[in-house]
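Here's the structure we're looking at; comments come further down.
The values are calculated or read from the model by the stated rules, or taken from the named source; none is laboratory data. All values reported here derive from a predicted model rather than from experimental measurement. All Cβ positions, even for glycine, are placed from backbone atoms using ideal geometry, and neighbour counts span all protein chains on display.
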Amino acid sequence: MSIAQTTSLGEFIRTRRERLSPEQVGLTRGSRRRAKGLRREELAGLTGISPTWLTWIEQGRTESVSTGTIARIAAAVHLSKAERSYLFELAGTRDPEKSNLTSEPYVGEVLTKTVGKIQAPAYVLDHAWNAIAWNRRAAGLFIEWLGNPSGERNLLRYMFLNPQARSFIIDWPARAQRLVAEFRGDCRAILDTPEIARHVEKLRRESPEFKSFWSAQNVLEREG
């Protein structure tokens with residue numbers, strides 16, 4: 001596990017811990033509570049590890065977190081399916097509940113060839129969410145993204161940096177926030193690669209909204 005992965009793992013666990021109230025996990029709040037969400041010692045107790053060990057994990061000071069510990073943390077902080085997958089990817093270990101089925105290597109090529117035959121607007125994204133194939137209906141719908149020869153082909157850059165997207169996309173704030181959560185879930189296995197890291201950092205610099213949504217560390221399954 002790389003240093004970036006270790007730090008991201010700890011940050012993600014911390015944000016998930018802080019979003020939960022004691023009542024949500026069957027604990028009492030107490031009258032003099034100041035902590036945001038669950039305390040470290042409370043989560044440690046729920047997962048059967050020491051508060052010191054959890055502190056080290058959240059601070060990125062360890063590279064050896066067992067699969068069992070990750071599974072117990074996932075259950076304790078009530079992770080969704082997408083969030084659980086993301087957590088195990090960050091930990092660099094396989095989820096024991098995950099199916100052994102794997103994707104066929106030629107699926108991307110098949111999708112690229114098939115997109116033109118789909119009757120509805122359709123497009124194919126690569127791992128960085130650049131559009132690599134689309135049909136005429138999609139180009140006609142997303143004129144500023146896919147229909148413009150000199151336009152930005154990256155979906156996130158179009159969404160956050162093209163002013164037209166804010167008036168074109170219905171309920172832009174909610175959709176933009178969801179898109180960032182979907183991207184985090186979709187690229188969970190390659191977040192620390194130089195290309196994706198540069199891509200994310202550039203968006204963080206150029207878009208305050210993206211920076212805010214990305215910092216929330218929300219993870220959702222892609223619905224598009």
Quiz item: For the range 99-165, which helices (runs of 4 or more DSSP H) that fit wholly inside it have 1 or more residues that are at pLDDT 90 or above and farther than 30 Å from K211 by Cβ?
Solution: 136-141
Quiz item: What is the number of the single condition among (1) touching a Phe, Trp or Tyr at 6+ places or on another chain (Cβ under 9 Å); (2) at pLDDT 95 or above; (3) surrounded by 15 or more Cβ atoms within 10 Å (Cβ to Cβ) that E206 does not meet?
Solution: (3)
Quiz item: For N154, are the conditions met, namely being surrounded by fewer than 17 Cβ atoms within 10 Å (Cβ to Cβ) and over 17 Å from S8 (Cα atoms)?
Solution: no
Quiz item: Does any residue of the range 204-214 turn out to be assigned to a helix (DSSP H, G or I) and within 18 Å of L9 (Cα to Cα)?
Solution: yes
Practice problem: Can you confirm whether the range 179-197 contains a residue that is modelled with pLDDT under 90, of a type in the set (V, I, T) and closer than 27 Å to E18 by Cα? | Solution: yes
